[in-house]
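Participant: Before we start, here is the structure in question, set down as structure tokens.
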Amino acid sequence: MTAIRTRAFLGLFLVLAAVPAHALDYRSTGRAALLYDAPSTAAGRRAVAGPGLPLEVVVDTASWAKVRDPNGRLVWIEKAALDGPRTVMVRVDVGQVRRAPRLDAEVVFRAARGVVLAVSGDADPAGWLPVKHPEGLAGRLPVYEAWGV
């Protein structure tokens, strides 16, 4: 009986391993934009997203996107507003941006929770993301300290 369960478990594992993983789709606002509770400008207005805000796209239609904001709220935004350069938001109390992708590297700057940083490339295999502060300072931030990756 145990051998049958083991084979069944291994078979299920192999099937699940073959299912492709779905990457999260994050986009940033290119300008200030209204967030709505439905995909229509006649719907209720929920908030205003500032320029550069990273949002997770949950539903993508021809002219609207249902997005999750950094607070977890689900809202709708006109798709044309999601044309900004890629950004992330610091999600820890104080993110430490380092000169090199190592925890022992020199800290270039610290960014408080909620600070939006421009992304200047892809994260490396070790999980370090190249970012740039609006004032020009640049370095590497661990991806686990950022929202919008």
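The values are calculated or read from the model by the stated rules, or taken from the named source; none is laboratory data. This structure is a prediction, so every number in the text was calculated from the model and none was measured. Don't worry about glycine lacking a Cβ; one is built from the backbone with ideal geometry, like all the others, and counts go over all protein chains shown. Each accessible area value is taken on the protein alone, full model and side chains, heavy atoms only, with ligands, DNA and RNA left out. Shrake-Rupley method; radii C 1.70, N 1.55, O 1.52, S 1.80 Å.
Participant: Please find, among Gly114, Gly121, the residue that is open to solvent by less than 60 Å² (accessible area, probe 1.4 Å) and under 15 Å from Pro142 (Cβ atoms). Explain how you work it out, then say what you get.
Facilitator: Details: Gly114 fails: under 15 Å from Pro142 (Cβ atoms).
Only one candidate passes the filter, namely Gly121.
Participant: Further question: Quickly run through region 103-149 and pick out the residues that are in contact with a Phe, Trp or Tyr (Cβ under 8 Å, 6 or more places away or on another chain) and more than 24 Å from Ala49 (Cβ to Cβ). First the steps, then the outcome.
Facilitator: We begin by selecting, within region 103-149, every residue in contact with a Phe, Trp or Tyr (Cβ under 8 Å, 6 or more places away or on another chain); these are 127, 133, 137, 139-143, 148-149.
Across region 103-149, the qualifying residues are Gly127, Leu137, Gly139, Arg140, Pro142.
Participant: Do we have Val97 as among the aliphatic types (A, V, I, L, M) and either open to solvent by 60 Å² or more (accessible area, probe 1.4 Å) or in contact with a helix residue (DSSP H, G or I) (Cβ under 8 Å, 6 or more places away or on another chain) (or both) here?
Facilitator: Numbers: among the aliphatic types (A, V, I, L, M): yes; either open to solvent by 60 Å² or more (accessible area, probe 1.4 Å) or in contact with a helix residue (DSSP H, G or I) (Cβ under 8 Å, 6 or more places away or on another chain) (or both): no.
Here the answer is no, as Val97 does not meet what is asked.
Participant: Any idea how many residues of region 58-84 are open to solvent by 20 Å² or more (accessible area, probe 1.4 Å), assigned to a strand (DSSP E or B) and hydrophobic (A, V, I, L, M, F, W, C)?
Facilitator: 5
Participant: Going by the structure shown, is Leu24 within 28 Å of Ser120 (Cα to Cα), among the aliphatic types (A, V, I, L, M) and at pLDDT below 95?
Facilitator: Details: within 28 Å of Ser120 (Cα to Cα): yes; among the aliphatic types (A, V, I, L, M): yes; at pLDDT below 95: yes.
Yes; evaluated as a whole, the condition is true for this residue.
Participant: Out of the residues in region 36-53 that are among the hydrophobic types (A, V, I, L, M, F, W, C), touching a residue at least 24 places away in the same chain (Cβ under 8 Å) and within 16 Å of Val116 (Cβ to Cβ), state the one that is surrounded by the most Cβ atoms within 10 Å (Cβ to Cβ).
Facilitator: Within region 36-53, the first condition is being among the hydrophobic types (A, V, I, L, M, F, W, C), and the residues that meet it are 38, 42-43, 47-49, 53.
Checking which are touching a residue at least 24 places away in the same chain (Cβ under 8 Å) leaves us with 38, 43, 47, 49, 53.
When the remaining residues are screened for being within 16 Å of Val116 (Cβ to Cβ), the result is 47, 49, 53.
Details: Ala47: 13, Ala49: 22, Leu53: 25.
Looking at the filtered set, the residue picked out is Leu53.
Participant: Filter region 61-75 for residues that are under 16 Å from the mean Cα position of the chain (by Cα) and of a type outside the set (A, V, I, L, M) and give the result.
Facilitator: Narrowing region 61-75 to residues under 16 Å from the mean Cα position of the chain (by Cα): 65-75.
Answer for region 61-75, where residues must be under 16 Å from the mean Cα position of the chain (by Cα) and of a type outside the set (A, V, I, L, M): Lys66, Arg68, Asp69, Pro70, Asn71, Gly72, Arg73.
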